[in-house]
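Asks: Sending over a structure as C-alpha cells; questions will come in a sec.
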Amino acid sequence: MRYTASSLMGLALFLAIGLIWGAAPPTLEELAAAIERVRTGPDGERVVVGHISRKLAVSVEALRAQHARTGLGWGELLIANLLSKTTKLTVDHVVAEFRSGKGWADIAHHHNVSLDQLIEDVQQSQQAMEQRAEDRAPPRIETPLPRIETPPSQGTTRPAPDPPSGKSSGRRY
C-alpha cells in the first residue's frame, strides 16, 4: 500500500513537471487578444493606451492616429510598433506585411527579430495592463501627527466671552 501511494505521488510529480516544461508560451496573437480584453474592461482604454504610450515613448495622440489609420487592435499595434523599433522599418511597412497574411512570428523571423524576446516584451506589457500596475497609487505611509504642547496654565483665568446674540449688551471693554 505504501509503495503504491509513493508511486502515484511520483507519477503525479513527473506529469506535472512534464506539463510545465511542455507548456508552449502564448502566441503573439493570443497576447494581442488578451490586451484587447483588458481594453474592454472598466477604464481599460485609458490603461491600455497609457501603458503603450509609456512603453514605446510615443504620444497618445500619435498612437490614436496609428490606431485609426491601421485599424489594428491595441495589442496588434503594440506588436507592430515593437517590430518597427527593432527592425528600423516603419509601422506602416510592418502593418502591410501583417495585412498580406503573414503572422507576427513570420514577420519577426523574416527580419531576424528574436521571437522569444518579442513575446516576453508583449507578455510583460499584457500582465502590467491586467494588473493595472501603473494605476496604483504609491503606498500610503502612516506618520503620527506631531504632538502640540500647550503651555502650562499660570493660574490666571479670563471670563468666557458672552455668546453672540445679535444684540449689544451695552458693555464696552
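The values are calculated or read from the model by the stated rules, or taken from the named source; none is laboratory data. Remember, predicted model here, so these are calculated numbers, not experimental data. When we count neighbours, we look across all protein chains shown, and the Cβ atoms used for this are built from the backbone with ideal geometry, even at glycine.
Asks: When residues of the range 70-93 are filtered for being buried (at least 16 other Cβ atoms within 10 Å of the Cβ) and within 25 Å of the chain's Cα centre (by Cα), how many remain?
Replies: Summing the residues that are buried (at least 16 other Cβ atoms within 10 Å of the Cβ) and within 25 Å of the chain's Cα centre (by Cα) in the range 70-93 gives 16.
Asks: Name the pairs: first residue in the range 29-56 and without any contact (Cβ under 8 Å) to a residue 12 or more places away in the chain and surrounded by fewer than 17 Cβ atoms within 10 Å (Cβ to Cβ), second residue part of a helix (DSSP H, G or I) and aliphatic (A, V, I, L, M), Cβ to Cβ under 6 Å, at least 6 apart or on different chains?
Replies: 53/60; 53/63
Asks: If you don't mind, there's one more thing I want to ask. Would you point out which residue out of 10, 50 is on the phi < 0 side of the Ramachandran plot and modelled with pLDDT under 95?
Replies: 10
Asks: Any residue in the range 58-76 that's without any contact (Cβ under 8 Å) to a residue 12 or more places away in the chain: show its pairings with residues that are of a type in the set (Val, Ile, Thr) and assigned to a helix (DSSP H, G or I) at Cβ separation under 7 Å, as long as the two are six or more apart or on different chains.
Replies: Here the result reads 60/49, each pair linking the range 58-76 to a residue that is of a type in the set (Val, Ile, Thr) and assigned to a helix (DSSP H, G or I).
Asks: Hey, another quick one. Does residue 108 qualify as being part of a helix (DSSP H, G or I) and in contact (Cβ under 8 Å) with a residue 24 or more places away in the chain?
Replies: yes
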